[in-house]
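Every read-out reported here was derived from the displayed coordinates using simple, explicitly stated rules and does not represent laboratory data. No experiment lies behind these values; they were computed from the predicted model shown. Cβ coordinates were reconstructed from backbone atoms using ideal geometry, including for glycine residues, and neighbour counts include every protein chain displayed.
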Amino acid sequence: MHKTALEVRNLHTWNNHQPIIQDLSLYAKQGETIALVSSCKSTQSSLLESLLGINQHRKGSIRIHQTETIHLSSEQMTWLGVAFCSKATGLDFDLSCEENLLLPLSGLSLGGGLSLTEIYDLFPLLTLYKDAPCSRLSPGEQHLLALARVLRTGADIIIFHDLHIDICPAILPYAIKVLTQLKNRGYTLILNESDKTFAANLADKIYCLQNNDVRLSVIHQRAHPISG
């Protein structure tokens with residue numbers, strides 16, 4: 001049985017004394033992909049910042065690998081294996097793709113991260129572009145490079161925000177295949193999304209947040225099944 005990687009109970013957040021999230025509970029098991037879907041930007045931002053330890057205006061419980069983190073800072077959350085991934089995460093746009101992957105991990109590495117060989121096995125697309133400046137990549141390809149960079153650190157709970165904005169339809173099947181392989185390796189993936197249709201292609205379950213009402217949808221079959 002897979003262990004619980006993330007468990008949120010009775011989470012309340014606020015901004016300028018105004019409640020944003022009220023009494024939210026959810027969980028993700030190790031090796032599971034969940035989507036947190038809301039069309040409200042303030043809800044999305046508050047939830048993202050709470051999970052990353054940035055928003056300290058919160059109460060309730062957020063447990064990472066059974067450790068209570070509601071009182072921890074973002075740096076302390078990182079040491080528990082939580083990482084945020086966007087197309088700009090940790091990238092130097094003056095360097096090539098491979099040079100970005102080889103940047104020192106001092107202060108970021110937890111140990112147990114993927115080797116360069118493992119990265120190229122997982123992301124064959126990056127092998128083609130390894131000598132190209134990462135500034136020449138499409139936004140979706142930059143996001144995949146940033147994800148590869150995160151995987152070098154040893155983080156095993158990865159949070160994405162509005163991934164659908166960067167992942168164009170042409171690269172979506174490739175991105176889904178990569179994320180599926182990460183699930184199979186035991187990574188827990190959290191998608192903080194505003195596009196439910198996009199989330200349904202990736203997530204095992206979707207938590208829909210609307211007006212402080214949380215509804216859970218379990219995805220039995222994705223819109224675009226993966227083969228191979």
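Tabulated data
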item	result
Karplus-derived 3J(HN,Hα), 6.51/-1.76/1.60, for each residue of region 27-39, Hz, glycine and proline x	8, 9, 8, 4, x, 10, 10, 10, 10, 10, 10, 8, 8
Unsatisfied cross-links (Cα-Cα over 27 Å) in the set K29/K59; K87/K205; K59/K177; K87/K177; K130/K196; K41/K205	K59/K177; K130/K196
Sequence-distant residues sharing a close amide H with E193 (under 5 Å, placed H)	L36, V37, S38, D162
Region 77-182 - charge dipole about Cα centre, Lys and Arg +1 at Cβ, Asp and Glu -1, debye rounded to 20	140
DSSP beta bridges in the chain [antiparallel fraction, %, rounded to 5]	55
For C168, distant residues with modelled amide H under 5 Å away	G140
Note, ³J(HN,Hα) from phi for region 89-102, Karplus 6.51, -1.76, 1.60, rounded to Hz, x at Gly and Pro	4, x, 9, 10, 6, 8, 9, 6, 4, 5, 4, 5, 5, 9
Distance between region 15-36 and region 86-150 - C-alpha centres, whole angstrom	29
The chain: mean projected area of Cα convex hull, nm²	12.4
Under 5 Å, built H, 5+ apart or other chain: amide partners of Y27	V8
